[in-house]
Every structure is written in C-alpha cells, then in structure tokens.
Amino acid sequence: MLLQMNIKRKPIIQRGNLTIDPQCCTVRLAGEEIDLYPKEFDVLCLLTQYPGWVLSPEQIYDAIWKESVTGCERVVYNVICQLRRKLKNPDMIQTVIGRGYKFVG
C-alpha cells in the first residue's frame, strides 16, 4: 500500500549548462554529475536562486548555517573556493570586492 504524502516537488534550477535538482540533491554540469558536500550544495542553491545578486558572506552564512556569527567570512570563502574548483569554472561565482559573491553562470 502506497502512502499518500502531501509533498510538493522543489523546482529544478537550470542556469546555462548547470542543472541543480534540490529534491534529489544532485548537481550536473554539462550532463556530468558533480559531487558536493551538503553545505556546498546549499550555498550553490542559494546563489543560483538569485543570479546576479551580490550576497555578502554574512547573508550566505545566516541563510545556510541558520546562525549569525562574526568572522564567518573565512568559512564562506572556503566553501566558495571548493565550489569553484568542483565546477571547474571559477568565473561562474564571482567575487565582488568588499561586498560578497554572485552567481553569473
């Protein structure tokens, strides 16, 4: 017997050749699956939901880690560096000096 659940599917995010499926927690770049840690996945989802918007490290940290902390810039910086390396395209996530990061994929 199948359980009936009231679950709505989260929409797939498509940005150029990058496809993010938040429901299945998968990321594909040009059809190739990319393995991401949970926080990397969450940061990427956040940035791609607001393409072109500059999000400060504090905004990113607050949204993903659900807490406000001073000195969070280094944590966010490290996650961004890992994402750039794994996506093999450092220009996909740009640094806006003194402001934060934006997705321009």
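Please treat every number below as a calculation from the coordinates, not as lab data. Remember, predicted model here, so these are calculated numbers, not experimental data. When we count neighbours, we look across all protein chains shown, and the Cβ atoms used for this are built from the backbone with ideal geometry, even at glycine.
So, in the range 79-99, of the ones that are touching a Phe, Trp or Tyr at 6+ places or on another chain (Cβ under 9 Å) and part of a strand (DSSP E or B), which residue ends up surrounded by the fewest Cβ atoms within 10 Å (Cβ to Cβ)?
This residue is 95.
The rows are residues; the columns are (1) surrounded by fewer than 17 Cβ atoms within 10 Å (Cβ to Cβ); (2) assigned to a loop (DSSP other than H, G, I, E, B).
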| position | (1), (2) |
| --- | --- |
| 24 | yes, yes |
| 27 | no, no |
| 36 | no, yes |
| 42 | no, no |
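How about the range 13-22: which of its residues are surrounded by 14 or more Cβ atoms within 10 Å (Cβ to Cβ) and without any contact (Cβ under 8 Å) to a residue 12 or more places away in the chain? Even if it seems obvious, please write down each step before you answer.
Kept after step one, since they are surrounded by 14 or more Cβ atoms within 10 Å (Cβ to Cβ), are these residues of the range 13-22: 13, 15, 18-22.
If the condition is that a residue be surrounded by 14 or more Cβ atoms within 10 Å (Cβ to Cβ) and without any contact (Cβ under 8 Å) to a residue 12 or more places away in the chain, then 19, 21 are the ones that fit.
Among the residues of the range 50-78, what is the count of those that are outside any helix (DSSP H, G or I) and under 17 Å from residue 102 (Cβ atoms)? Before you say what the answer is, go through the steps one by one.
Of all residues in the range 50-78, those outside any helix (DSSP H, G or I) come to 50-56, 66-72.
When the remaining residues are screened for being under 17 Å from residue 102 (Cβ atoms), the result is 50-56.
Here the count works out to 7.
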